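See structure below.
Bear in mind that the values in this text are calculations on the coordinates, not laboratory data. The shown structure was predicted, so the numbers you read here are calculated from the model rather than taken from an experiment. Note: ideal-geometry Cβ built from the backbone for every residue, glycine included; neighbour counts use all protein chains shown.
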Ligand code: DX5
Ligand code: ZN
């Protein structure tokens, strides 16, 4: 399975975001954009205007991760801004299936995200409607946190479920992914690595991406 890498802009140089993006752009499969509302997670980040500015400048897919309460109140502005993939947390809305369908009806790839403590059975009946799932490997809100090893079990179970159902699922992982944890999540069944700190705060971000993409499932 080909490994994809989506650098997380949360760790990019905020005052030189263009420079950060230029360094990683041609090696990356998408850019990951974290949207935080200060309620669902205890932090604030940026909004649709950044997504729009990125969309106007770059053709690379934009993977937008909504960490907001009631994402149904926010999806239109991110659809309009030009998100390529738009994901929300299953814990944050009462009607995830309705929202998935709404996003897909706007020709955007929807995805659903699970916090570390959220069991897989919350999305069991949605799997037939999805081709991407994001498994959080830290509690969301901040970059640079330590990978939670118990998430490996969930990644493995999700891959097993997808194989059993015959679904070609992109399993994304987000939080604490570096060159030590990447082989573990890939071995467990993930194929999309979202990574902020270990790419943008490294001496050589390009080398980190190349190494991540060269990891093979053993
Ligand atoms: C955390 C965000 C992540 C974050 C990951 O809440 O969803 O996308 O940028 O950062 P690292 O790779 O530094 O853990
Ligand atoms: Zn994220």
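Could you grab the pairs with beta carbons closer than 9 Å, sequence gap of 6+ or different chains, first residue in the range 124-137 and at positive phi, second one part of a strand (DSSP E or B) and within 16 Å of ligand 1 (Cβ to nearest atom)?
none
Identify, please: which residue in the range 177-218 is within 15 Å of ligand 1 (Cβ to nearest atom), surrounded by fewer than 23 Cβ atoms within 10 Å (Cβ to Cβ) and within 15 Å of the chain's Cα centre (by Cα) and is, among those, nearest to residue 1 (Cα to Cα)?
Filtering first and then ranking leaves 178.
Being within 16 Å of ligand 2 (Cβ to nearest atom) and under 23 Å from residue 175 (Cβ atoms) narrows it down to one of 100, 50, so name that one.
Working: 100 fails: within 16 Å of ligand 2 (Cβ to nearest atom).
None of the others qualify; the one that does is 50.
Please specify each residue of the range 1-34 satisfying the condition of being out of contact with any strand residue (DSSP E or B) (no Cβ under 6 Å at 6 or more places or on another chain) and farther than 15 Å from residue 50 by Cβ.
Residues satisfying the conditions are 1, 2, 3, 19, 22, 23, 25, 26, 27.
Looking only at the range 107-119, how many residues end up being on the phi < 0 side of the Ramachandran plot and surrounded by fewer than 17 Cβ atoms within 10 Å (Cβ to Cβ)?
4
Taking the range 8-17 on its own, how many of its residues are surrounded by 14 or more Cβ atoms within 10 Å (Cβ to Cβ) and either within 11 Å of ligand 2 (Cβ to nearest atom) or over 24 Å from residue 137 (Cα atoms) (or both)?
Going through the range 8-17 one residue at a time, the tally reaches 5.
Could you please find all residues in the range 113-151 being more than 16 Å from ligand 1 (Cβ to nearest atom) and assigned to a helix (DSSP H, G or I)?
120, 121, 122, 123, 124, 125, 126, 127, 128, 129
When the range 66-90 is examined, which residues are found to be surrounded by fewer than 16 Cβ atoms within 10 Å (Cβ to Cβ) and out of contact with any helix residue (DSSP H, G or I) (no Cβ under 8 Å at 6 or more places or on another chain)?
Within the range 66-90, 73, 76 meet the criteria.
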